[in-house]
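A quick write-up on the structure given underneath.
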Amino acid sequence: MILSFFDQFMSPTHLGIPLIALALSLPWVLIPTPTNRWLNNRLLTLQGWFINRFTQQLMLPINLGGHKWAVLLTALMLLLITLNLLGLLPYTFTPTTQLSLNMGFAVPLWLATVIIGMRNQPTAALGHLLPEGTPVPLIPVLIVIETISLFIRPLALGVRLTANLTAGHLLIQLIATAAFVLLPMMPTVAILTSTVLFLLTLLEVAVAMIQAYVFVLLLSLYLQENV
Amino acid sequence: MADAPVPIAQRRLMDVKLGELPNWAATRDFTPNGILSAVRRGHDRFYNKYINVKRGGIGGVAMLLTGYVVLSYIWEYDHIKHDRWRKYH
């Protein structure tokens, strides 16, 4: 009975094809490739504007070595935003609620930034483990703490995205159930609950976009430190 | 009436009569490459008709998303049908 609230996060299979396959391939359909015409259609123009602005903003604080990551980070951002926003449609499946997918994004990319830092500038990369101006007696403790914080980063990246989206979807389902059940009994309360549901949906749209952005932003931050 | 009958494998879907549909379906290419090219052709047709136009509005993308919602409903139907008259959700 209670278990059914989490059933929306199970990927159902139909004729042997899991829904997650359809959900993961949808961004390919919705984000068309630019043609070599001078003036493209409106969707492409909008998309091109967004990509240009986003890449410019993202690459501002990163010096030249990190500009190789521009395509990867922008593509990741587009994918996450599309996946998150599509998950808000009824009956759809959000792949980013699966921890496995988010960890699959977070761990390799974080590890890449660490390895780049260690290879190119090992002293500076290790130097990040000790903030400037720490009192001498605190140095050993702080190094341990900073190392732990370094290793927790991929976990935090993945779990943050998963938890935010999962919690949002669950809340929507709970409040919607409440409004639906209350409707025959106490219509006024049902209307209040519906207002809360509406506001929550707006919040979820915002969270979907923000979480994708935060993910990519933090990755760019880790890159900036190490490149 | 005067032109020679075209073999069924080369006719387009709209020209195939209902009774010949299984025969026509048997001549289609179901290899992964064939399916991929069919998906690509379908996508190009939809894209060029509804999205890649001079003054495209929200309609093209909206049709895609509605189709996605309907498809997701069909995928999840087996699971959702238990929710119909449950007392406790």
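Here is the P(r) of the range B:8-85: all C-alpha pair distances, binned every 10 Å from 0, give 15, 26, 33, 22, 3 in whole percents.
Spread over its residues, the convex hull of the C-alpha atoms of the protein assembly as shown is 244 Å³ per residue. Within the range A:47-99, the proportion of C-alpha pairs whose separation exceeds 13 Å stands at 64%.
A Gaussian network model of chain A, with springs between Cα atoms under 10 Å, assigns the largest mean-square fluctuation among A:P34, A:P12, A:P137 to A:P137.
For an R0 of 22 angstrom, estimate the FRET efficiency from the Cβ-Cβ distance between B:R41 and B:I74 and round to the nearest 0.05.
Working: r = 23 Å, r/R0 = 1.04.
Taking R0 as 22 Å, the efficiency between B:R41 and B:I74 is 0.45.
Per residue of peptide A:175-183, the mean number of Cβ atoms on other chains within 10 Å of the residue Cβ is 1.
How much mean residue ellipticity at 222 nm does chain A get from its helices, if each DSSP H run of length 4 or more adds -39500 (n - 2.57) and you divide by all residues, to the nearest 500 deg cm²/dmol? Don't jump to the answer; show the numbers that get you there.
Details: 7 runs with 162 residues, N = 227.
Mean residue ellipticity at 222 nm (helix-derived): -25000 deg cm²/dmol.
Can you sort A:R42, A:R119, B:R55 so the residue with the fewest Cβ neighbours within 10 Å comes first? Display every interim value, and only then the final one.
Values: A:R42 16, A:R119 10, B:R55 6.
Lowest count first: B:R55, A:R119, A:R42.
Put a dot 7 Å past the Cα of A:L89, heading toward its Cβ, do the same for A:D7, and the two dots end up 2.3 nm apart. If you take the alpha carbon atoms of the range A:72-227 and fit the smallest convex hull around them, that volume is 138 Å³ per residue.
Sorting A:L142, A:L26 from the fewest to the most surrounding beta carbons within 10 angstrom yields A:L142, A:L26.
Here the gap between A:L183 and A:T201, fully extended at 0.36 nm per residue and compared with their Cα-Cα distance, gives a gain of 4.6 nm. By the beta-carbon count within 10 Å of each Cβ, the least crowded to most crowded order of A:W110, B:W24, A:W38, fewest first, is A:W38, B:W24, A:W110. Amide H contacts under 5 Å for A:H14: A:L19, restricted to partners 5 or more places along the chain or on a different chain, H placed in the peptide plane at 1.01 Å from N.
Among residues other than A:F105 whose Cβ falls under 15 Å from its Cβ, what is the net charge (Lys/Arg +1, Asp/Glu -1)?
Numbers: positive: A:R153, A:R160; negative: none.
Once all neighbours under 15 Å are counted, the net charge is +2.
A Förster distance of 51 Å, applied to the separation of the beta-carbon atoms of A:L221 and A:T35, puts the FRET efficiency at 0.90. Compactness of the range A:1-121 is given as radius of gyration and Dmax, 18.0, 57 Å, from Cα positions.
At 0.36 nm per residue, minus the direct Cα-Cα distance, what do A:L15 and A:V144 gain on full extension? Give it in nm, one decimal, please.
Net length gain for the segment: 41.3 nm.
Just so you know, all these numbers are worked out from the coordinates, no wet-lab data involved. Since the model is a prediction, treat every value here as computed from it, not as a measurement. Reconstructed Cβ throughout: ideal geometry from the backbone, glycine too, with neighbour counts over all protein chains shown.
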